[in-house]
Ligand SMILES: C[S@@+](CC[C@H](N)C(=O)[O-])C[C@H]1O[C@@H](n2cnc3c(N)ncnc32)[C@H](O)[C@@H]1O
């Protein structure tokens, strides 16, 4: 088991190789395999304190004696398991709840909020490090990733009423949002109103960067978007649109090459009872891209979610 997998219950790393290539460039052809086990930082002590990403900071030496070596603070890189750790802090969840309560939520999303509230400790805890054992879903992973990564640009494929998109914004409100959905008028027996509602939802959670609405079929729109701008990169992508095996595979295939270094892809519904193939599909991508992305997943409860962080 890779080192990072030991933390909490999010599992990560490689599975058995299944004949997929190890690089995006070769994703369609050569069956190269790489050992995905990498050394990962084990400290998560800084993640809730507002530092953002991996960097080494040398403190100014002017006030320090000339014989004193510069103080070097080495901050651990964020890894995929670290996003789950951050998602389990009660305070992370409280911040997301406080934001998403402001939305015009339907019964589905009210149910998700209720579950999140239930996952909070009964008593306020004096221990800021407290990590709950709570369940994870795409929205809390997206929110935690946004808090940690402070994405410049994010994309959600399959937006519906914007619960996960707004979870990103509650994590970091200065993110350029790209919302892609066919917004067929009824989805899962409920109204699916589209951009008019979504503008209000984004406003409600204090979004103050550009929002781009891409209405239509992702299998047409994604190739168009990346065809027009082959260098376009996203720091955070949620894939939750077409749930057929070939459709979800196509969305992942389209977006993986456009994830910025240090960025993350979140893939929902790994153990959805109606889409059992999605877990195998995710694992095939994990086997393909383990050399370039750090994969993790949560399968203990709910519908399951996977995420993959592109190594720098
Ligand atoms: C499960 S819902 C998304 C839920 C949302 N991600 C959230 O967490 O609240 C799936 C959405 O994907 C959209 N969708 C399904 N297939 C699509 C496709 N091929 N292209 C674009 N959108 C699609 C549906 O219209 C629906 O709104």
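Give me the percent of DSSP beta bridges within region 219-312 that run antiparallel, rounded to the nearest 5. Don't skip to the answer; put the middle values down first.
Numbers: 11 of 16 bridges.
Close to 70 percent.
Ordered by packing density, taken as the mean number of other Cβ atoms within 10 Å over each peptide's residues, highest first, how do 142-155, 251-264 rank?
Peptide ranking by packing, descending: 142-155, 251-264.
In a solvent-free Debye calculation with one equal scatterer on each Cα, what is log10 I(q)/I(0) for region 93-211 at q = 0.10 Å⁻¹, listed in the order of the q values?
-0.30
Take each of the peptides 77-85, 211-219, 130-138, average the number of other beta-carbon atoms within 10 Å over its residues, and list them starting from the highest. Write out the running numbers ahead of the final one.
Values: 77-85: 25.2, 211-219: 16.0, 130-138: 18.8.
Going from most to least packed, we get 77-85, 130-138, 211-219.
Report the extension gain between residue 118 and residue 311 in nm, rounded to one decimal, defined as 0.36 nm multiplied by the number of residues separating them, less their alpha carbon distance.
That pair, residue 118 and residue 311, stretches by 66.1 nm at full extension.
Remind me, relative contact order of region 117-242 in percent, using alpha carbon pairs under 8 angstrom and six or more residues apart?
30 percent
7 Å from Cα along Cα→Cβ at both residue 176 and residue 190: what's the point-to-point distance in nm?
3.1 nm
Return the distance in nm (one decimal) between the two label points of a simple spin-label model at residue 274 and residue 130, each offset 7 Å from Cα along Cα→Cβ.
3.7 nm
Any chance you could run the full-extension gain for residue 110 through residue 209? It's 0.36 nm times the residue separation minus the Cα-Cα distance, nm to one decimal.
Between residue 110 and residue 209, full extension yields 33.0 nm more.
Express in whole angstrom the spacing between the alpha-carbon centres of region 166-207 and region 275-312.
24 Å
Readers should treat all values here as calculations from the given coordinates under stated rules, not as data from a laboratory. The structure presented is a predicted model; accordingly, all values stated were derived computationally and were not measured. Backbone-built Cβ (ideal geometry, glycine too); neighbour counts: all protein chains shown.
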